[in-house]
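Let me begin by presenting the structure, written as C-alpha cells, before commenting on it.
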Amino acid sequence: MDQPVRELSYAQAIQEAMAIAMEQDERVFLMGEDIGVYGGAFQVTGDLVERFGADRVIDTPISELGGAGVAVGAAVTGLRPIFEFQFSDFATLAMEQIVNQAAKMRYMLGGAVSVPVVMRFPAGSGTGAAAQHSQSLEAWLGHVPGLKVIQPATPHDAKGMLLAAVADPDPVMIFEHKLLYKMKGPVPEGYYTVPIGKAEIRRQGRDLTIVATSIMVHKALDAAETLEAEGIDVEVVDLRTIRPMDTQTVIDSVKKTSRLLCVYEGVKTLGVGAEVSAAIAESDAFDFLDAPIVRLGGAETPIPYNPELEKATVPQVPDIIKAARDLVSGRR
Amino acid sequence: MPTEVILPKVDMDMATGKISRWYVEEGAPVKKGDVLFEIETDKAAMEIDAPASGILRDVTGKEGIDIAVGEPVAWIYAEGEAQAAAVAPAPEEAKRKEAEPVQAEPVVQFQPAATAAKGEGARATPLARRLAAEAGLSLDAIVGSGPKGRVTRNDVEAILSAPAGRMEAKAPNAPRRSVGEPSASSQALPAGGAILYHAWLRQGSGRPIVLLHGFGADLNSWRPLLQAEPVDAPVLALDLPGHGGSGRTVPADLDAIAARVEATLAALDVGALLLVGHSFGGAVAATVASRSMADVRALALIAPAGLGPEINGAFLDGFVRARSEASLVPWLKLLVADEHLLSKPFVNATLAQSADSELRGVQAAIAERFFADGTQTFDIRKQLAGLRIPVRVIFGAGDRIIPSSQAFGLPGEIALHVFAATGHMPQLEQREAVLRILLEMARA
Amino acid sequence: MAQATAGKETGANLPFIYREYSPEQLRQALHKMYLIRRFEEGAEDSYTRGLIHGTMHLSIGQEASAMGICMPLTLDDQITSTHRGHGHCIAKGAEVAKMFAEFFGKTTGYCRGRGGSMHIADVTTGNLGANGIVGGGLPIAVGAALTAKRTKSERVVVSFFGDGANNEGAFHEALNMASIWKLPVIFVCENNGYGMSTSTARSTAVANIADRASAYAMPGVIVDGNNLSEVAEASHEAVKRARAGEGPTLIESKTYRHRGHSKSDRNRYRTKEEIEDWMTNRDPIMLYETQLQEFGVIDQAGIEGIREAVRQEIADAIEFAKTSPSPEIANLERYVYTEPL
C-alpha cells in the first residue's frame, strides 16, 4: 500500500470517505436526519457539518420517503447525494422511492438518465433496540434489479466501498452493521476504492467454505480459529456485495473445499444464503459438493429485546463452530 | 363513408371478447354516445357507446361468440348514406386469427441422463457420484458412512485405495481401515447402535493410543494435548455415549459404556492398545481394562472418577445448565488452576456444545445417573485392584472437581503423578509432561 | 419569451396570454393542444384495435392545463409528470413520432420500448419522467430543484400530479421540504375531480387542494384548468417567484378527464350528464379556439390548417412507430445499469 495506514474505527473510516468525496467533488453532499450538528444517530457524520457547512451536510425533516426522493431527484439532475437513514428499518418508509424510482428510472427511460445516489443504512441487531431498529433488510433491496447492495465488513472496505459507491453511476445501497461502527482496523490514508461486486477471501482453507456477510465475517473468522485447533481447515469468503453477487469466487472456493456453509444475519428464509446456495447448486461446483449445503441465518422472528433472546436470534460463533463440525464430520 | 364499429379492447390482457347483447337493432337509428352493445370479459360487462350518429347496419358481430379485438362488428351509416354492397366477412370464431400455421416444433424425446448411481435409493453426494462415475464404480457397491448411509468422497476413495482383496468386503460391513492407515478426518461407521463416534487424530505406527474424554466434553478436547509435541503413534479418540457425535442416549452403567467402547475398538480392528481416560472417561477406561474384552496393554487415568464419593456437584449442575458465555465461563474457570489457559477457541468450542440444548439435556440425565446428588455412585477401585497391566494415575494437586486426595490408597504397583498448581485438566495444563508420559507408556 | 404580443394595442383588459405572447406563440399553443388531443385519440384507437398492449391513462379534456403550465417554461426547465402524462410530454416539447414509437414498444421510442404509456418522457426537453406511482414524482422534483439551487442555475422545476396524490405522504413531505429550503419548484395539481373512481369530495378533507398550501407556508392558487390563459398566468407568476429564489407555489388546476381513469374503467361513478356537460360546454380546445377567433388571432381557415397539419403529423408518427424495429430480446437487460454487470 502506497499510503500510510492507520487504525481507524469503521465509523471513522466512513466519515473520512465522505470527507474525501466532498473535498474531491463539489457535487457530493450529505443528506439525512440529524446528521448536522448532532453528528448523526451513530456519530458517523460527526463534525463534517463544521467543515463543509449546512449546505452540504443537510439535516432533513423526519421524512424518509421525501428525503430519499429528493436524493433521487438531485442525483438524476447531476448531483451526488449520500443519503443517511438513521436505521435501516426506516427503509420501509422509503421503499417507494428506492424500489420504484431510484432502481427503475434509468430502465424506464431507456437509458436516458443515471441515478448516482448513495444510501447508507445502519443495520443489524445486538444493540438492544428491539424489533423496529435492529433488522437486516439487505436481501429486500438485493432483490431489486437496478440497485447495487453492499455490506462492507471492515473499516478498510467501509471507506473504499463508499468511495466506489460515490463514483458509481447507479444507485448503491450500503448496509453498515451497527456493531461494526466501533471496530478498529487498518485504513490507508487518502483516496482509494474497493470494487463493488467482488468478494474477498478472508482466510484460506481446505475443508469447508463459509460464505459470510458483514459482521458474520468476523464471527466466521473466530469460529475458524477454534475449528483450526480441531483440525478443521476453514475458508472464509466475505461476500461484500450481495448485488451484483460475486458467485464465481464462491464457486471456486466450494470446488476446492466441497462443503458450503452460509452465515448471515438477515432472516434465514429467502435470504442471502438462499441465493448463495442456489448459485452453487446451479453451477459446476455442484459436482464437487460432498455434503449438503447448510445455511445459518436469522431466526424466523422479529428481533427481541431480551439480550439472551436477541443473541439467540442471529448466528453466534458457537453456532458456526457446531454447524461446521457437523458438516465436516459427515453428521449432516 | 360509414363509421366502423369494432370490438374494442377494454381490458389489459384481452385478445378476444364476446358481445353479450346488442342494445340497438339492425337498421335502427343511433346517436353518438348511446350504448350500442355490451361486452362480456372475465372481469365484468362493459357497455360500448356508439362512435357516431346514424343508422346501425351490417351487424356481423353475433352475440355469444368470441370475436377478436379490432374486428368490425357493425357499421353506422349517416342518414341517407347508401349501404355498401359488400361488407367485411362476418367475424367467425376468433380462432381464425390463431389458425395461422404454427411452426411445428420438433418433438423431442427426453431421456434422463444416465447417472452414476443407477441403483435405486443410492444416497451419495454429488462429489461422490462424480468420483464413482469417473472410476467406473457402481454406488450400489459402496457402503456410505454419512447420515442414512450417504456415500461421500471418503467412502469412494476408501474403496479406490483399498487393496484389491478388500473390494468385496462391501455391504453390510463398512470398508475397513487398517490401523496403519487411519484417516485424519472423522469417520462414522454405518452400523449405528454399537459403534461410537470416533476420529483418528493422528496417523502413525506403533501401538495405538485410545482416548476417552470426560463428562460433558468430546473427542475434540484432546486436540490441544496432541499439539504439545510430535506424536508418532496412531491416536484414536472416541465420543462417549451421550456426547459429541455418538448417539444421544443415557447408558445404564459403566459396563454398558465399556461394551460400546469395546465394540468400536473391535470394529476398527484396533488390536493391542494404550487406553487413556480423563475423569468420567477414566472410570470407563478402568472398566474396559478390567473386562478384558479389548486388548488393553496399559492404562492411563487422568483425574479419574470412581476413586471416592466426592465430586463438585455445583460444577456439574452449573456446567450442564449454562447456555451462554456469561453463564459458562465461571464454571470453566473451576476446571483449571490458571484461568489464562481458557483460550477463546476452547471457550467457543465448549459453548458450541452448550448451545445444543438436546445434547446438554442428555448429559444432565447422565450426570443424574452417575453423579446423583454430587456423589460418585460408582467405584473403580475393585477393577483397578485386579489389573495386571501397567497403570498410571495423573492428578492435579489443585483439582477443584475431584479432589486429588482420592488417588491415595491405590495398589502399590499403580504409579501416581501429581502436578502442583494444576487443576482438573492436567492434559491441558501440563500437556508436554502428560503427553510424554503417554508416549512413554505407548512405546513400552 | 414575449416579444410582439397579440393584443398590446387593444388594451390591458385582455386575458393574460394575449398580453404576454405573440400571435404566433398563441397559434402554436393551439397546435400543441390539438397534437395532445389527437395523439391520445390515435393511441386510444390503436389500443382498441389491439395494436398496443398494456393500458393507458388519457388526459383528453385536460390539454389547457398541460399547455398553460408549460408556456412560461424554457427548454432548460424541468418537469416531473404522471401516469396521465402524454400532454405534459408534448407541451414540454417532445416529438409525437417517438412517443408513438414508445407506445408501440419500439427501439425508436423515447424509452426504447422499456417504458410504454406510463413512462413516456423526453429527458432532452426537460422531462424527468412520467410516473406510474401516485405522488412518485413530487420528491424527485424537489431534488431536481435542490440541484438547481445548489448549482445556482436559473432553472425551475414543475411537478405535475393529480388530485389523488394530495393524500399521499410524499406530497406532504415534498411540499414541506421545498418550503423550508425555498426551492425553485412549482407543484401543479391537475384536479380532475376523481382519483380513479373516488371523488375529491369523498377523499380529501379540504375543499380545495390549494388549501393545503397554507400548511407549508406557500401560495396556493386555484385556476380554471380548462382556461389556457388562466393556467398560463398562474404558472407565469409561480415561475417568476421560483426564479427569484422566493420558493415554491402550489397551483390547483381544476379540470376534467373526458375518458375513464384507464381503459378498464366502466364509468360507474360519473353521470353521463356530467361528462356530457364538460365535453360540450367546457372543452378546453373549443374554448380556446373560440377565444382566439374572438380576438382575431386566428380564423376558421387557420384552425382547419392546424387540424390538417396535426392530422398529418399524427398519421406520419403512427406510420413511423409501426415501421420501427422492435427491441432484441437479447438486449432485455440493457439499461438496468449504466455499466452492464
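Any read-out appearing in this document is the output of simple, stated calculations on the displayed coordinates, not a laboratory observation. Fair warning: this is a prediction, and the values are worked out from it, not measured in the lab. FYI the Cβ positions are ideal-geometry reconstructions off the backbone, even for glycines, and counts take in every protein chain you see.
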Can you put B:293, A:22 in order of Cβ neighbours within 10 angstrom, beginning with the fewest? B:293, A:22
In order through segment A:309-316: 3J(HN,Hα) via Karplus (6.51 cos²θ - 1.76 cosθ + 1.60), integer Hz, x for Gly, Pro: 5, 4, 5, 5, 6, 10, x, 10
Under-5 Å amide H pairs with residue A:80, H placed in peptide plane, nonlocal only: A:28, A:29
Across A:104/C:149; B:148/B:344; A:178/B:344; C:32/C:106; C:32/C:240, pairs whose alpha-carbon gap is larger than 29 Å: B:148/B:344
So, counting K/R as plus one and D/E as minus one, what does the shell of residues with Cβ under 10 Å around residue A:237 add up to? -2
Inside 10 Å of the C-beta atoms of B:3-12, what's the mean count of C-beta atoms belonging to other chains? 4
Between residue C:185 and residues 5 or more places away or on another chain, the pairs with built amide H atoms under 5 Å apart involve C:157, C:249
Averaged over peptide C:168-174, how many Cβ atoms belonging to another chain are found within 10 Å of each residue's Cβ? 6
Looks like segment C:220-336, by Cα gyration tensor root eigenvalues a ≥ b ≥ c and the a/c under 1.5 rounded cutoff (else prolate when a/b is bigger than b/c, oblate otherwise), is rounded
Quick note, chain A: a/c under 1.5 would make it rounded; otherwise a/b > b/c is prolate and the rest oblate (a ≥ b ≥ c, C-alpha gyration tensor); here it is prolate
One finds, for residue C:341 and residue B:414 with R0 = 60 angstrom and r their Cβ-Cβ distance, a FRET efficiency to the nearest 0.05 of 0.25
Give the angle, between 0 and 90 degrees and rounded to the nearest 10, that separates the Cα long axis of helix A:247-257 from the longest principal axis of the Cα atoms of chain A. 20 degrees
List the relative contact order of segment C:23-110 as a percent without decimals, with contacts defined as Cα pairs under 8 Å and 6+ residues apart. 30 percent
Order these by the 10 Å Cβ neighbour count, fewest first: A:154, A:313, C:280. C:280, A:313, A:154
Using a Förster distance of 56 Å, how high is the FRET efficiency between residue B:252 and residue A:256, based on the Cβ-Cβ distance and rounded to 0.05? 0.75
What is the extension gain from residue A:62 to residue A:34, computed as 0.36 nm multiplied by their sequence separation minus the C-alpha to C-alpha distance, in nm to one decimal? 9.2 nm
For the ranges B:257-267, A:71-81, what's the packing order if you count other beta-carbon atoms within 10 Å of each residue, average per peptide, and put the highest first? A:71-81, B:257-267
Could you pull out every one of the lysines with an alpha carbon less than 19 Å from that of residue A:268, ignoring same-chain neighbours closer than 8 positions? A:219, A:311, A:322
Out of A:146, B:363, C:13 - ranked by how far each Cα lies towards the positive end of the dipole of the protein assembly as shown, with unit charges on the beta-carbon of charged residues - the top one is B:363
Per residue of A:222-231, what is the mean number of Cβ atoms on other protein chains within 10 angstrom of that residue's Cβ? 6
Lysines within cross-link reach of residue B:18: Cα-Cα under 24 Å, excluding same-chain residues under 8 positions apart? B:9, B:31, B:32, B:43, B:62, B:95, B:97, C:263
Computed label-point distance, nm, for sites residue A:51 and residue A:228 using a 7 Å Cα→Cβ extension: 3.6 nm
Can you give me the relative contact order of chain A as a percent, contacts being Cα pairs under 8 Å and 6 or more apart? 16 percent
When the Karplus curve 6.51 cos²θ - 1.76 cosθ + 1.60 is applied with θ = phi - 60°, which whole-Hz ³J(HN,Hα) does each residue of segment C:315-330 get, with x for Gly and Pro? 4, 5, 5, 5, 5, 4, 5, 4, 8, 6, x, 7, x, 6, 4, 4
If we count other beta carbons within 10 Å of each Cβ, what is the order of A:222, C:76, B:239, fewest first? C:76, A:222, B:239
Under 14 Å from the 7 Å Cα→Cβ point of residue A:198, by amide nitrogen: which residues of segment A:172-192? A:192
Taking only DSSP H segments of four or more residues, each worth -39500 (n - 2.57), what value at 222 nm results for the protein assembly as shown once the sum is divided by all its residues, to the nearest 500 deg cm²/dmol? -10000 deg cm²/dmol
Taking a ≥ b ≥ c as the square roots of the eigenvalues of the Cα gyration tensor, with a/c under 1.5 meaning rounded and otherwise prolate when a/b exceeds b/c and oblate if not, segment B:180-443 is rounded
Percent relative contact order for chain C, counting Cα pairs under 8 Å at least six residues apart, stands at 22 percent
